[in-house]
Amino acid sequence: MLEPAGWREAPTLRQFVKYGLVGASNTIVNFVVYSVGVTIGIDYLVALVIGYTVGALNSYVLNRHWTFRAGHVAHATAGSRFALVTACAIAVNLGLLYVLVHHLGVSKIPAQAILTLPLLAVTFPVNRWWSFAHPGGPGDSPPSSP
(Lines give C-alpha, C1' and ligand atoms only; values in the text may rest on other atoms or scores of the structure.)
Protein backbone atom coordinates (compact mmCIF):
# COMPACT_ATOMS: atom_id res chain seq x y z
CA MET A 1 0.00 0.00 0.00
CA LEU A 2 1.33 3.42 -0.92
CA GLU A 3 1.53 6.04 1.78
CA PRO A 4 1.04 9.73 1.05
CA ALA A 5 4.29 11.65 1.10
CA GLY A 6 5.23 12.96 4.51
CA TRP A 7 3.04 10.57 6.52
CA ARG A 8 5.81 10.00 9.05
CA GLU A 9 6.88 13.64 9.28
CA ALA A 10 6.55 15.22 12.73
CA PRO A 11 3.77 17.71 11.80
CA THR A 12 1.63 14.87 10.46
CA LEU A 13 2.32 12.79 13.54
CA ARG A 14 1.36 15.72 15.80
CA GLN A 15 -1.83 16.19 13.80
CA PHE A 16 -2.62 12.49 14.10
CA VAL A 17 -2.18 12.66 17.88
CA LYS A 18 -4.41 15.76 18.03
CA TYR A 19 -6.93 14.06 15.75
CA GLY A 20 -6.86 11.09 18.08
CA LEU A 21 -7.51 13.31 21.10
CA VAL A 22 -10.37 15.05 19.32
CA GLY A 23 -11.56 11.64 18.22
CA ALA A 24 -11.43 10.45 21.82
CA SER A 25 -13.62 13.36 22.95
CA ASN A 26 -15.89 12.77 19.97
CA THR A 27 -16.03 9.06 20.75
CA ILE A 28 -16.96 9.77 24.37
CA VAL A 29 -19.75 12.11 23.28
CA ASN A 30 -20.94 9.67 20.61
CA PHE A 31 -20.68 6.64 22.88
CA VAL A 32 -22.49 8.32 25.79
CA VAL A 33 -25.34 9.51 23.55
CA TYR A 34 -25.49 6.09 21.85
CA SER A 35 -25.43 4.17 25.15
CA VAL A 36 -28.06 6.39 26.78
CA GLY A 37 -30.24 6.08 23.67
CA VAL A 38 -29.96 2.28 23.63
CA THR A 39 -30.55 2.11 27.39
CA ILE A 40 -33.74 4.18 27.21
CA GLY A 41 -35.08 2.10 24.34
CA ILE A 42 -34.18 4.07 21.21
CA ASP A 43 -33.38 1.72 18.33
CA TYR A 44 -29.62 1.18 18.36
CA LEU A 45 -29.17 2.26 14.72
CA VAL A 46 -31.10 5.50 15.34
CA ALA A 47 -29.13 6.06 18.56
CA LEU A 48 -25.90 5.67 16.56
CA VAL A 49 -26.93 8.35 14.06
CA ILE A 50 -27.91 10.75 16.85
CA GLY A 51 -24.69 10.10 18.77
CA TYR A 52 -22.55 10.42 15.67
CA THR A 53 -24.20 13.71 14.71
CA VAL A 54 -23.66 15.27 18.14
CA GLY A 55 -20.09 14.01 18.24
CA ALA A 56 -19.41 15.23 14.70
CA LEU A 57 -20.28 18.81 15.63
CA ASN A 58 -17.72 18.65 18.45
CA SER A 59 -15.21 17.04 16.09
CA TYR A 60 -15.65 19.60 13.31
CA VAL A 61 -15.05 22.58 15.57
CA LEU A 62 -12.02 21.11 17.33
CA ASN A 63 -10.42 19.68 14.18
CA ARG A 64 -10.95 22.84 12.16
CA HIS A 65 -9.41 25.15 14.75
CA TRP A 66 -6.98 23.01 16.72
CA THR A 67 -5.91 19.89 14.80
CA PHE A 68 -5.65 21.24 11.25
CA ARG A 69 -5.65 24.98 11.95
CA ALA A 70 -7.90 25.44 8.96
CA GLY A 71 -9.79 28.51 10.16
CA HIS A 72 -9.02 30.21 6.85
CA VAL A 73 -10.74 27.42 4.86
CA ALA A 74 -14.33 28.48 4.22
CA HIS A 75 -17.00 26.76 6.32
CA ALA A 76 -18.86 25.99 3.10
CA THR A 77 -15.85 24.04 1.84
CA ALA A 78 -14.53 22.43 5.02
CA GLY A 79 -17.98 21.93 6.52
CA SER A 80 -19.51 20.28 3.47
CA ARG A 81 -16.48 18.04 2.96
CA PHE A 82 -16.37 17.11 6.63
CA ALA A 83 -20.12 16.39 6.55
CA LEU A 84 -19.66 14.11 3.53
CA VAL A 85 -16.80 12.21 5.20
CA THR A 86 -18.90 11.93 8.38
CA ALA A 87 -21.96 10.73 6.43
CA CYS A 88 -19.85 8.05 4.74
CA ALA A 89 -18.35 7.04 8.09
CA ILE A 90 -21.84 6.80 9.59
CA ALA A 91 -23.03 4.65 6.67
CA VAL A 92 -20.05 2.30 6.97
CA ASN A 93 -20.42 2.24 10.76
CA LEU A 94 -24.13 1.42 10.48
CA GLY A 95 -23.49 -1.41 8.04
CA LEU A 96 -20.69 -2.94 10.08
CA LEU A 97 -22.60 -2.47 13.33
CA TYR A 98 -25.60 -4.28 11.83
CA VAL A 99 -23.36 -7.17 10.71
CA LEU A 100 -21.66 -7.44 14.11
CA VAL A 101 -24.96 -7.40 15.98
CA HIS A 102 -27.24 -9.43 13.68
CA HIS A 103 -24.84 -11.83 12.00
CA LEU A 104 -22.01 -12.26 14.48
CA GLY A 105 -24.00 -11.96 17.70
CA VAL A 106 -21.92 -9.20 19.28
CA SER A 107 -23.79 -7.12 21.87
CA LYS A 108 -24.79 -3.65 20.68
CA ILE A 109 -22.55 -1.51 22.88
CA PRO A 110 -19.37 -3.63 22.58
CA ALA A 111 -19.98 -3.88 18.82
CA GLN A 112 -19.82 -0.09 18.53
CA ALA A 113 -16.67 0.00 20.67
CA ILE A 114 -14.98 -2.47 18.27
CA LEU A 115 -15.61 -0.18 15.28
CA THR A 116 -14.13 2.99 16.79
CA LEU A 117 -10.42 2.62 15.95
CA PRO A 118 -10.78 1.37 12.36
CA LEU A 119 -13.00 4.34 11.52
CA LEU A 120 -10.49 6.74 13.12
CA ALA A 121 -7.69 5.28 11.00
CA VAL A 122 -9.66 5.83 7.79
CA THR A 123 -11.16 9.25 8.48
CA PHE A 124 -7.91 10.93 9.59
CA PRO A 125 -6.18 10.91 6.20
CA VAL A 126 -9.38 11.79 4.35
CA ASN A 127 -10.06 14.77 6.61
CA ARG A 128 -6.41 15.88 6.59
CA TRP A 129 -5.90 15.77 2.85
CA TRP A 130 -9.37 16.71 1.70
CA SER A 131 -11.85 18.13 4.25
CA PHE A 132 -9.43 20.60 5.80
CA ALA A 133 -7.06 20.88 2.83
CA HIS A 134 -5.08 24.07 2.67
CA PRO A 135 -4.92 26.38 -0.35
CA GLY A 136 -1.80 24.68 -1.74
CA GLY A 137 -3.85 21.56 -2.33
CA PRO A 138 -4.49 18.27 -0.62
CA GLY A 139 -0.81 17.36 -0.42
CA ASP A 140 0.18 20.70 1.11
CA SER A 141 0.98 20.34 4.77
CA PRO A 142 -1.03 22.59 7.04
CA PRO A 143 0.96 24.76 9.43
CA SER A 144 2.41 22.68 12.23
CA SER A 145 1.53 23.45 15.78
CA PRO A 146 4.13 24.62 18.28
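The values are calculated or read from the model by the stated rules, or taken from the named source; none is laboratory data. Source: prediction; values computed, not measured. All Cβ positions, even for glycine, are placed from backbone atoms using ideal geometry, and neighbour counts span all protein chains on display.
If a residue must be of a type in the set (V, I, T), assigned to a helix (DSSP H, G or I) and touching a helix residue (DSSP H, G or I) at 6+ places or on another chain (Cβ under 8 Å), how many such residues does region 56-86 contain?
Residues that pass the stated criteria total 3.
Just a yes or no: is a residue in region 9-32 in contact with a Pro (Cβ under 8 Å, 6 or more places away or on another chain) and small (G, A, S)?
no
Return yes or no: is L100 buried (at least 17 other Cβ atoms within 10 Å of the Cβ), of a type outside the set (V, I, T), in contact (Cβ under 8 Å) with a residue 12 or more places away in the chain and over 21 Å from A24 (Cβ atoms)?
yes
Within region 61-103, work out how many residues are charged (D, E, K, R) and more than 22 Å from L21 (Cβ to Cβ).
Residues flagged as charged (D, E, K, R) and more than 22 Å from L21 (Cβ to Cβ) within region 61-103 amount to 0.
With the condition kept exactly as written, say whether any residue in region 49-71 is surrounded by fewer than 16 Cβ atoms within 10 Å (Cβ to Cβ), of a type in the set (G, A, S) and at pLDDT 90 or above.
Looking for residues that are surrounded by fewer than 16 Cβ atoms within 10 Å (Cβ to Cβ), of a type in the set (G, A, S) and at pLDDT 90 or above, one finds none in region 49-71, hence no.
Yes/no matrix, rows are residues, columns are (1) under 12 Å from the mean Cα position of the chain (by Cα); (2) under 17 Å from I109 (Cβ atoms); (3) of a type outside the set (D, E, K, R):
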{"site": "P11", "(1), (2), (3)": "no, no, yes"}
{"site": "F16", "(1), (2), (3)": "yes, no, yes"}
{"site": "Y34", "(1), (2), (3)": "no, yes, yes"}
{"site": "Y60", "(1), (2), (3)": "yes, no, yes"}
{"site": "A89", "(1), (2), (3)": "yes, no, yes"}
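T39 is checked against (1) surrounded by 12 or more Cβ atoms within 10 Å (Cβ to Cβ); (2) free of Cβ contacts under 8 Å to residues at least 24 places away in the same chain and fails just one. What number does that condition carry?
(1)
Mind listing just one residue for me: the one in region 103-132 that is small (G, A, S) and either closer than 16 Å to G37 by Cβ or at pLDDT below 85 (or both) and, of those, surrounded by the most Cβ atoms within 10 Å (Cβ to Cβ)?
A111
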